[in-house]
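Presented below is the structure to which this report refers.
The values are calculated or read from the model by the stated rules, or taken from the named source; none is laboratory data. Predicted, not measured: the structure shown is a model, and the values here were computed from it. As a convention, Cβ positions derive from the backbone with ideal geometry for all residues, glycine included, and neighbour counts pool all protein chains shown.
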Amino acid sequence: MTAEEGTTTTVSEPPAELVRCGWVTSAADYIAYHDEEWGRPVTGDDRVFERLTLEAFQSGLSWITILRKRENFRVAFAGFSIPAVAAFGQDDVERLLADAGIVRNRSKIEAAIANARAALDVELSDLVWRYADPGAPVPETPADVPAQTPASKALAKELKSRGFRFVGPTTAYALMQAIGLVNDHLAGCWTRVSAPPPGAPPAPVAQDGAGVPEDKFGRPRGLGQRS
C-alpha cells in the first residue's frame, strides 16, 4: 500500500436561497455535511477506509447517530490509519467495547479491524473508484434514489472476496454516494452546480502523517435506518 494521500475539493458558496435534497433536516450538522461533503470526491486509502467503517457502523441505526459520534470514532480508531487499526488486538476490542463515545457493537468493531487488515493488501481507494458510475441518472425525487445498484453489488462482492466484512450492497452504495462515485443529489439541489462530476476524482494531494481528514462531518443517510 502506498503512503496515504487525500484530496481536497473546493466548495462553492451556496446561493442565498437554497434548495437542498429532501433528506436534509434542520440540524446544522446534516446541513453542513450535505453542503460540504456528501457526493464530493474523496480519495486516499485512509479517508476511504474511514467512510467505509462509518457506513458499516451505521447499519441498523440512523445516520445522525454516527455523524454526532464521528470525532469519537476518529480518536478511538487511531484517525482511521489503516496500519494502526490493522494492528489492533483483543485489548483494543475490549477498549472499544467500553467506549461510550462510539457504537459499542462487537461484530462491527471486529469487522472494522478485519477490514483494515484486508486493506493492507490492496489500494483501497483505487479499488473502490473502479466502480464509479458517472452515467447514473439524475434523481428527481427521493424515491428515485436506489438503495443498491449493480455496481454496488459488484463492489460488495469484490470487497467480500478480499476479506472485507459487514459491507453488503446497500452499505457499498451508501459509500459510493458519500465519496462521489455517484452523485445522488436531487435535480433541483443547489450543490449540483458546484460538485465535481462523479467518476472523476480530483488529483490527490499530500496529507499529513495522521491520515485524518480535516473536515468535521460524516455521510448523511437521513432517510431513517439502513439494514
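For the range 138-151, the criterion of a residue being within 23 Å of E36 (Cα to Cα), in a loop (DSSP other than H, G, I, E, B) and within 14 Å of the chain's Cα centre (by Cα) is satisfied by no position.
Table: residues versus (1) under 25 Å from Q148 (Cα atoms); (2) assigned to a helix (DSSP H, G or I).
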site	(1), (2)
T25	yes, no
D35	yes, yes
R51	yes, yes
E71	no, yes
V85	no, yes
D92	no, yes
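Beta carbons closer than 6 Å, at least 6 apart along the sequence or on distinct chains, never pair a first residue in the range 131-150 that is farther than 18 Å from R40 by Cα with a second that is exposed (fewer than 12 other Cβ atoms within 10 Å of the Cβ) and of a type outside the set (S, T, N, Q). Checking each residue in the range 57-85 for being over 24 Å from Q177 (Cα atoms) and surrounded by fewer than 18 Cβ atoms within 10 Å (Cβ to Cβ) picks out V75, P83, A84.
Filtering the range 68-83 to residues that are of a type outside the set (D, E, K, R) and closer than 24 Å to E123 by Cβ leaves F73, F77, A78, G79, F80, S81, I82, P83. Taken as a whole, the condition of being buried (at least 16 other Cβ atoms within 10 Å of the Cβ) and at pLDDT below 95 does not apply to A118. Looking only at residues of the range 88-128 that are small (G, A, S) and touching a residue at least 40 places away in the same chain (Cβ under 8 Å), we find that the one that is farthest from I179 (Cα to Cα) is S107.
Please find, within the range 22-51, the residue that is farthest from A114 (Cα to Cα) out of those that are at pLDDT 80 or above and of a type in the set (S, T, Y). By that ranking, first place goes to Y30. A single member of L52, L124, L96 is touching a helix residue (DSSP H, G or I) at 6+ places or on another chain (Cβ under 6 Å), closer than 28 Å to S26 by Cα and surrounded by 17 or more Cβ atoms within 10 Å (Cβ to Cβ), and it is L52.
Pairs are defined by a Cβ separation below 7 Å, a sequence spacing of at least 6 or placement on different chains, a first member in the range 167-183 that is surrounded by fewer than 24 Cβ atoms within 10 Å (Cβ to Cβ), and a second member that is of a type in the set (S, T, N, Q); the pairs so defined are P169/Q148; P169/S152; T170/Q148.
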